[in-house]
Structure formats: structure tokens, C-alpha cells
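Taken together, the values in this text are just the output of simple stated rules run on the coordinates, not laboratory data. Being a predicted model, the structure only gives us computed values, none of them experimental. Please note: Cβ atoms are built from the backbone with ideal geometry, for glycine as well, and neighbour counts cover all protein chains shown.
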Amino acid sequence: MSIYLALDIGGTKFMVAAVDARGTILRRTRADTPLDLDKGLALLMSMAHEVAGSDRVVAIGASAGGPLDWRSGVISPLHQPQWRGVPLAQLFATEFGCPLRVEVDTDAAALAEFASATSGKPIQPTRLLYVTISTGVGGGFIVDGQIYRGHDGTHPEVGHHAIRWRMNHGDPRALHCSCGATDCLESLVSGSAIRALYGKPAEELSEAEWNEVGFNLGQGLRNMAVILAPSVIVLGGGVAFGGGERLLREARQVMNDGLRLVPAPEVQLSSLGYDTALRGAISLALAPR
Ligand SMILES: [Zn+2]
């Protein structure tokens, strides 16, 4: 039979799935990401063959950390230091004789969230902003089913804008962003930021500390909402799942209080969990080209 492959190329793990034409997962596998580039590519290829079996692969979708060139399918994920200028689309086209489409993992995840938010719903969001809060903060904006791109195809960075932050419980002396700028949303609410500011992982935060993270997140959501005017904001990533409603309640309140000129979007947790990027890769494999 004819099948499609989906690759989630993460900095810590690979997930590979074979799906049918309706996107139903037939077989899937996962493995830790090797540090070495050659080992990583060989493993990815063998995982793809494992789930493909003897079926004919029609198309492949992939999600990977940015930066990458979605037009040529060349990837250089920042958090995999040996992966620079890897011609992913060309390698898989040679191996499987079919096209591969790759997008930044958070854009792929946003596509999957959009598909989930619009399937079978009477009122469908037309503009969906996906924000993942894990080690860092990133996201993707979907407009009428398409990934929004910046100048010359640039991937916008929704975690790196200054916010009017508040901090009574953590230690603000540690406040600086991995991107080199100051006062970025990411430097206040990401998993690494929480560890640096509060001296413990997100899962050990007290109610008052969650409240503070929620306040800072709300300031960031307000910035994004007033500029993009999305229908809905979907939050994913370990910190968002860990905080749950404790985090969302305060964030929603702060965002709503600060929005005067555009309607407040719904703010909800991802329903796809840790499979969002893989689901996004499935959407990319199945997308008409
Ligand atoms: Zn930054």
C-alpha cells in the first residue's frame, strides 16, 4: 500500500511514524537523539525504513528545530551543534524517491493544532497562535491554514520581545535572555529561566510563584494578541502542561486586562500533548504540494 512518513527531529529525541492517506498512524518508533551527525542521520534513516516496511512511501513531512530553509529542505537546528547545513530533503528524496517537506518544529506543531481546532467544529478559528513553553519559548502563527512567514521566509520568534515583568519571589539578577537581548518573555517563563530565577524546576513552584510566572506570561500574550489579533492562542510544552490552569488563569486575566483595542482571544492548553510536532510532520506529509 501507499503510505506517508512523518519525522519529528528533536534535540533530545527522534519520533518517526508511518501513516495512511487519512493521517492514521500505522506504525511509530522513537529513540534518543545521538550527538554525532552521521550516527543521527543513519538512525533516522533506519527508523524510517523500520516503520515503512515494504510499503511505498508517497511523501515525507518533517519537523526540526530552526533555523532551516523550508524551500530547499536544508536544516541547521540550533540545539544540535553538529547539524549544520544538512540537506534533509535531498537525502530522503534519494533514499525513498519522494518529496520531503520540512518546517520549524513550532510551525509544524501550530499546523497540527490548527487541524485539531478546525476539524468538525461549528465555529472555526481562522487565526491560531501556538506558543510552546519548554526549555525555551517559541511558536507558530497559522493564518487560514497557512504558516505565517516574515520577511524572506523568516520564522518569527514569539518568545523574544520585551515585557513589563514583575518579580517578587525569584531573583531578577539572573535575568538575561539566551538570545542576547534583555527582558524577553523567554527569559522569564521558559523552563531554563524558571530554574535560573527560582532555583528549582517548574514542577516545584509554589502557588505564588506560578502566579508570578502567569503574570509575566500574560504580559507576553498581551503583546502577541494585540499585534496579531489571533482567534485563539494554544499553549503547549512542559511548563504549560505542568502549570495547567494555575498558570493559564492568571495569564488570561493579565492579557485580558491589557487588551483594549482588539478582542481577547481564547487561551487554551494543547490537546495534542507531546505529539504536536509529530502530528505537524504528518500534516506536512499529507499537505498537497
Ligand atoms: Zn530573547
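Under 18 Å from a point 7 Å along the Cα-to-Cβ line of Leu269: which residues of region 181-213 have their amide N that close? Answer for region 181-213: 190-191, 202-213. On the basis of the beta-carbon distance and an R0 of 41 Å, Cys98 and Ala196 show a calculated FRET efficiency of 0.40. For region 168-289, the Kirkwood estimate of hydrodynamic radius, built from reciprocal distances between every pair of different alpha carbons, is 15.5 Å. Using only the C-alpha atoms, the convex hull of region 1-122 corresponds to 102 Å³ per residue. In the chain, taking the dipole from charged Cβ atoms about the Cα centre, the farthest positive-side position among Leu37, Val189, Asn256 is held by Asn256. Neighbour counts of other Cβ atoms within 10 Å put Leu175, Leu235 in the fewest-to-most order Leu175, Leu235. Modelled label positions at Arg149 and Lys121, each set 7 Å beyond Cα in the direction of Cβ, lie 2.6 nm from each other.
For the chain, taking the reciprocal of the average inverse distance between every pair of different Cα atoms yields a Kirkwood hydrodynamic radius of 19.5 Å. Once the C-beta distance of Lys13 and Leu259 is scaled by a Förster radius of 25 Å, the resulting FRET efficiency is 0.10 to the nearest 0.05. Counted by neighbouring Cβ atoms within 10 Å, the residues Val189, Val57, Val102, Val74 run from fewest to most as Val74, Val57, Val102, Val189. Computed from the C-beta positions of Gln90 and Thr182, the FRET efficiency with R₀ = 35 Å rounds to 0.30.
Between Glu245 and Arg56, the contour length at 0.36 nm per residue exceeds the Cα-Cα span by 63.6 nm. When only alpha carbons are used to place a centre, region 118-145 and region 163-205 end up 25 Å from one another.
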